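The values are calculated or read from the model by the stated rules, or taken from the named source; none is laboratory data. All values reported here derive from a predicted model rather than from experimental measurement. In this analysis, Cβ positions are derived from the backbone assuming ideal geometry, glycine residues included, and neighbour counts consider all displayed protein chains. The area values use the complete protein model at the heavy-atom level, side chains included, leaving out ligands, DNA and RNA. Shrake-Rupley method; radii C 1.70, N 1.55, O 1.52, S 1.80 Å.
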Amino acid sequence: MTDVRDHKHAVILSGGGAYGAYEVGVLKALLTGQMPQTGYTKIDPAIYTGTSVGAINAAVMVSQDGAGANGDEGVNFLENAWLNVIAENSETCGNGAYRIRADPFRYLNPRCLTNPAQSLAELTEDSAYLAQDFLRRSFNFFNAPGNLETRALEFVDLSAFVSPEPINSLVRQIISLESVRRSQKALRVVATNWATGEAKTFENKDLNNDDGYKALLGSAAIPGFFPPHYIAGEPYVDGGVVMNTPLRCAVQAGGDFIHIVYLDPDIASLPLKVLQNTYNTFDRMMVIHTATIIKEDILTAAWINEGLEAIERASGGETLSDGNVRDFIRAAGQIEKRIKSGSPYRKLTIHRYHPHNDLGGGGIGILNFRRERMERLIEQGFNDTINHDCDENHCIIPKD
């Protein structure tokens, strides 16, 4: 095994709402040197890429580095943020990610009535917002073309009842954009341009002023739940719509020892009985879609390794088999581009970390931020990582 310190490590963090706490556990194991596949060496990632909640976790880690914290300190800060700022617990009213507008249960909760003035202000603001939203939709209903059924869809929008103020405040509280730009670690945040359907990658230098926070919030804006965030007049939403696990960004930034953390379980472990209701059917469709994209990206990485190995054989005077030639042809275009750019590929090592069973709650579990659940997810991510099995996780390990 080569020394892991000879590589440029990259951490890729996917989207998944509340399941993002699992990523904290994985980071704890990696950055504190408790993973056997890294020889129990503390890794020091040079690159962080992320989508949605993964973008926020990645930005926190880079921000902490820019503020002078080492890896242990950075992940401790991230864990504390999840448990004491983001999570909902017996001492708080709601969570740090979202708030349901005019929620009657909120006003029946004694913890939410400790500050009556704030509760009254929220209720007044929510009532005014919902009234204005209803008037706007009524106007669209009466003036939009189409039949009655089509125009009635103007009134169907669950996001109107969701206040994004908690997450808007959260990212400004736990992430310093100045520290992100100061950090020597590369950050790549992916959001989806809702107008064009294309992925947009934001780098350290792009995270400047309020637009920088909008990029992070846009990456985490689940369509239909959170509103889009506008940057230079363009609307941005959850990067997971087109790139839930931004592996290519990490490779393009020069990473050659890749740690991918994604939050979907093995599809085969999900019981088929969930197909008996529409909600879980759509949830399974999304899991399959995400898993397919991840597999395609990792397969591309495997082709790059095989193409480089074919070049090594040819350079050593070996006669290439038909399979070796095929391997070279599949990866030749990408390898050539990198050579011309002056930063040729190195063989890629890829470790994958993800839960093998459902994390609980189905698709709606992404909205469950109860503290005891956050603690459980962090612990599971940590344990899964220290017990990481490359055969089980289909890692990519290049031949020496």
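Looking at the range 21-71 only, could you name the residues that are charged (D, E, K, R) and over 20 Å from His388 (Cα atoms)? Please lay out each step first, then the result.
Initial filter on the range 21-71 (charged (D, E, K, R)): 23, 28, 42, 44, 65.
Hit for the range 21-71 is Asp65, nothing else.
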Taking the conditions exactly as written (hydrophobic (A, V, I, L, M, F, W, C), buried (at least 21 other Cβ atoms within 10 Å of the Cβ), in contact (Cβ under 8 Å) with a residue 40 or more places away in the chain and in a helix (DSSP H, G or I)), does Leu78 satisfy them or not? yes
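Of the residues in the range 160-185, how many are of a type in the set (Asp, Glu) and closer than 30 Å to Arg101 by Cα?
First pass over the range 160-185, keeping only residues of a type in the set (Asp, Glu): 165, 178.
Remaining after also requiring closer than 30 Å to Arg101 by Cα: 165.
Within the range 160-185, residues that are of a type in the set (Asp, Glu) and closer than 30 Å to Arg101 by Cα number 1.
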In the range 211-232, residue surrounded by the fewest Cβ atoms within 10 Å (Cβ to Cβ) [restricted to those that are touching a Lys or Arg at 6+ places or on another chain (Cβ under 9 Å) and either on the phi > 0 side of the Ramachandran plot or of a type in the set (A, V, I, L, M, F, W, C) (or both)]: Ile231
Of everything in the range 233-252 that's part of a loop (DSSP other than H, G, I, E, B) and open to solvent by less than 20 Å² (accessible area, probe 1.4 Å), which residue is nearest to Val190 (Cα to Cα)? Pro246
List pairs: first in the range 164-189 and open to solvent by less than 90 Å² (accessible area, probe 1.4 Å), second modelled with pLDDT under 95 and assigned to a helix (DSSP H, G or I), Cβ under 6 Å, 6+ apart or cross-chain? Arg188/Cys249
Taking the options Ala160, Ala152, name whichever one is of a type in the set (Gly, Ala, Ser), more than 30 Å from Leu83 (Cβ to Cβ) and open to solvent by 30 Å² or more (accessible area, probe 1.4 Å). Ala152
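Yes or no: Tyr19 of a type in the set (Ser, Thr, Tyr), touching a residue at least 24 places away in the same chain (Cβ under 8 Å) and out of contact with any His (no Cβ under 6 Å at 6 or more places or on another chain)? Lay out the reasoning, then the answer.
Working: of a type in the set (Ser, Thr, Tyr): yes; touching a residue at least 24 places away in the same chain (Cβ under 8 Å): yes; out of contact with any His (no Cβ under 6 Å at 6 or more places or on another chain): yes.
The answer is yes for Tyr19.
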Members of the range 12-47 found to be under 16 Å from Gln64 (Cα atoms) and either in a helix (DSSP H, G or I) or touching a Phe, Trp or Tyr at 6+ places or on another chain (Cβ under 6 Å) (or both), listed by number: Val24, Leu27, Lys28, Leu31
Answer residue from the range 371-387, given it is more than 22 Å from Ala97 (Cβ to Cβ) and among the β-branched types (Val, Ile, Thr) and is surrounded by the fewest Cβ atoms within 10 Å (Cβ to Cβ) among those: Ile386
Kindly state which helices (runs of 4 or more DSSP H) lie completely within the range 142-214 and contain at least 1 residues that are more than 23 Å from Gly224 (Cβ to Cβ) and within 18 Å of the chain's Cα centre (by Cα). 165-174, 177-182
Of the residues Gly16, Gly71, which is closer than 30 Å to Met243 by Cβ and buried (at least 24 other Cβ atoms within 10 Å of the Cβ)? Gly16
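Can you pull out the residues in the range 197-215 that are in contact (Cβ under 8 Å) with a residue 24 or more places away in the chain and in contact with a strand residue (DSSP E or B) (Cβ under 9 Å, 6 or more places away or on another chain)?
Initial filter on the range 197-215 (in contact (Cβ under 8 Å) with a residue 24 or more places away in the chain): 197-201, 204-205, 207-209, 212-213, 215.
The answer is Glu198, Ala199, Lys200, Thr201, Asn204, Leu207, Gly212, Tyr213, Ala215.
Before we move on, is Ile47 touching a Ser or Thr at 6+ places or on another chain (Cβ under 7 Å) and either open to solvent by 10 Å² or more (accessible area, probe 1.4 Å) or touching a residue at least 60 places away in the same chain (Cβ under 8 Å) (or both)? Explain how you work it out, then say what you get.
Values: touching a Ser or Thr at 6+ places or on another chain (Cβ under 7 Å): no; either open to solvent by 10 Å² or more (accessible area, probe 1.4 Å) or touching a residue at least 60 places away in the same chain (Cβ under 8 Å) (or both): yes.
Spelling it out, it is not the case that Ile47 is touching a Ser or Thr at 6+ places or on another chain (Cβ under 7 Å) and either open to solvent by 10 Å² or more (accessible area, probe 1.4 Å) or touching a residue at least 60 places away in the same chain (Cβ under 8 Å) (or both).
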For the structure I just gave you, tell me whether Ser127 is open to solvent by less than 80 Å² (accessible area, probe 1.4 Å), hydroxyl-bearing (Ser, Thr, Tyr), modelled with pLDDT of 80 or more and closer than 30 Å to Tyr48 by Cβ. no
